[in-house]
Amino acid sequence: MRAVVFAAYGLLACLVTWPLPIHLRTHLLGATGGDTGIYVWNLWIFRHEILRHAHLPFSTDHVFAYTGGADFALHNFTPIAGILGLPLVGPLGVVGAFNTVLILFIALAGCGTYALGRRLGLSRWAAWLGGAIFAASPIMTAKETAHLSLVIAAPLPLFLWALLRVLDSRRKRDALLVGVLVAVAAYSDAYYGIYCALMGAFVIAGRFTAWTTRPPTMLLARLARGIDGFLAVLSAAVVWRLFSGPADLVLGGLVIKLQTLYNPVLALVVLAGIRAWLSYRPLVRIVDPDGVLPRLRQLGAIALAACLVLMVPVIVGIVQRAIDGRLPATDTFWRSSPRGVDALAYVVPNPNHPWFGDVTRPLFLPPRADAFPEHVASFSLVALAIVAIAAWRGLLPRLWIAFTACFALLSLGPFIHVAGANSYVIGPWGLLRYVPIVGLARSPSRFAMVAALGLAVLFAFAVQALWRRRIAGAPVWAAAVAVALAVELVPAPRPLYSAAVPHVYDMIATNARNPDDSGRLLELPTGLRDGTSSVGNFNPASPFFQTRHRRPLIGGYLSRVSGWRKQTNARDPMMNALMTLSEGRSLRAGAAEEARTWRDTFLTRSCVRYVVFDKARAPAELRGFAIDVLQLARVHVDADYELFTPIDPPSCEVRRPLRRRVLP
């Protein structure tokens, strides 16, 4: 039966990615110049570091080669994909292996949700439908165009399955499984490890706490009436600001600054929260009639220990960075932190649909280059309608309604946007992002994946409950709903992107039979890029091209780049000049001569033997400077690229990588 379930999800995964299955080795669902290219590189470098360099694949000198390479402690590295892709790269090529792994992970997301549904007592067909709608949901389809790590969503429902299992069995081996699945989630996407912790806290709180309300005392009732007055004044001030624009509101001798609505609306939200507390006075009690909490604390320690042991390579990398002062710091600002999804994003008709997707795709998206894969949260209007009917009839479990609502609210970000407009209303993430470790999940829009999982579970409960009520014409209604879901959710044919690598990179590919062939590649424009910033103008497609030529790169692109690395490159006369010109800016007086005197030192330390100019992206001033100062000779030119080599370069003195963890 399990094989049949997996085969059905495998077929579904092929259908929702069609025609990718017949172009496995030549095309991708996303452009190589976007995040898709980085995830293909992740797959390749994982295998390359194991087989070519014989060490654990958590560091490399193939990017940021001029500053000693990099580790992947804080990079979205997806080692789980690397493990599954390891035996596939040889027979299928790196692109074919990547696409195969992608389709496999879509199927596994369905399987994981199916297992969770069965654990929750759902029938096989209802659980299968829940898994199918999660695997085929528009939000999952959108992530497939850029974020492989988020498509590896199977650990989320499997973690919940294992947690519910250990809560019932209270066995050590089940606790070990929980810890293993948290580590697997973290190795799939760093955010997913944090999400598991939050989901676990919610489920445990839902099982072992009870909420009651108490009537307000007379004193609290008077205080509530006083707050009502403040709320009325603030509401009037906000409305006045909406119509008058930025200004000062003078009330007698009181001057209220209304340049923005952040502070007034914050005050409204805080006062409204206090007013609600005064009215209901909620009281939370721990409920443990069977006395199992002490045993569960022991099992929790076992799960935590198992997770930490498996996460040792990453933990060591983070600790080493902290000791060396190379830990990237991401400041959390009150107003300018990343926003979440729009409050209406969940009800946008399928933005991937071949018929109407062009119309619905841009709805409520922020003006960002990666807005589509990052901020789409669409689910299924048909499924949402069924869930709403079941909820209206009281047929859905309250825990899972609250679970879904909680993570949907978190996905709205620090300030809630509605129809593209900032309401300035603070959401739960506005406070939770300041919690240590939890705040590392800096993009709140990704909580929408957990909300989608919750909606899939609610949908499974809804269809089972409605079917069992045996309403008139149930088979006809079921067939109609199935057809409506299929028509609504179909994304095929999917747009495909060529995975071709420019010919110039074939010309400089490393020669595996020549161990002395260690020359490195400088691509111009160059720079340092991460998920939140860019110094210079590094081409995001460069790591993907590296899967063909295999030469270490002077620049690089990882999820997080430390300030130390940026400062080290900025202090280097040659790198500073190249990155400045790569941005299209002019050099300061004397910078060109400093770089000229640094030429031999730069070539000695960098071991650059090939320089490739991207003709469409390299400014003319950068090209002229590099040819003159680095003393380059051209060896090839085509419509898009020029290839140069340094004339009489000095011998290499390659810097050792930051860290090598050798395999036993």
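Just so you know, all these numbers are worked out from the coordinates, no wet-lab data involved. Model, not experiment: these values are computed from the prediction. Cβ: placed from backbone, ideal geometry, glycine included. Neighbour counts: every protein chain shown.
Quick notes on this one:
- Relative to one another, the C-alpha centroids of region 473-504 and region 136-168 are positioned 19 Å apart.
- For TYR610, the residues whose amide H sits under 5 Å from its own are ARG520, LEU522, ignoring neighbours fewer than 5 places away on the same chain, with H placed 1.01 Å from N.
- Measuring from each cysteine beta-carbon in the chain, the ones with no other cysteine beta-carbon under 4.7 angstrom are CYS14, CYS111, CYS196, CYS307, CYS406.
- Nonlocal amide H pairs with PHE415, under 5 Å, H built at 1.01 Å: GLY340, GLY427
- Remark: region 630-643, residue by residue, has Karplus-estimated 3J(HN,Hα) of 7, 6, 9, 10, 7, 10, 7, 8, 9, 5, 10, 9, 10, 10 Hz, where x stands for each Gly or Pro and the curve is 6.51 cos²θ - 1.76 cosθ + 1.60 at θ = phi - 60°.
- Between 0 and 90°, nearest 10: helix 398-411 axis offset from the chain longest Cα axis: 40 degrees
- Helical contribution to [θ] at 222 nm, DSSP H n ≥ 4, -39,500 (n - 2.57), averaged over the chain, rounded to 500: -16500 deg cm²/dmol
- In degrees, nearest ten, helix 474-489 long axis to first principal axis of the chain (Cα): 30 degrees
- Prolate/oblate/rounded label for region 419-577 (Cα gyration tensor, a/c 1.5): oblate
- The ranking of ILE627, ILE133 by Cβ neighbour count inside 10 Å, starting from the fewest, reads ILE627, ILE133.
- Packing-based exposure ordering (other Cβ within 10 Å, fewest first) of LYS143, LYS566: LYS566, LYS143
- Prolate/oblate/rounded call for region 72-148, Cα gyration tensor, a/c under 1.5 rounded: prolate
- Cα long-axis angle, helix 573-582 against the chain (0 to 90 degrees, to the nearest 10): 60 degrees
- Cβ crowding within 10 Å, taken as a proxy for footprinting-reagent exposure, orders PHE202, PHE625 from fewest neighbours to most as PHE202, PHE625.
- Cα gyration tensor category, rounded, prolate or oblate, for region 503-646 with a/c compared to 1.5: rounded
- Given +1 at the Cβ of Lys and Arg, -1 at the Cβ of Asp and Glu and no other charges, the dipole of the chain around its Cα centre is 2280 debye to the nearest 20.
- Restricting attention to the chain, close to 80% of DSSP beta bridges with both partner residues there are antiparallel.
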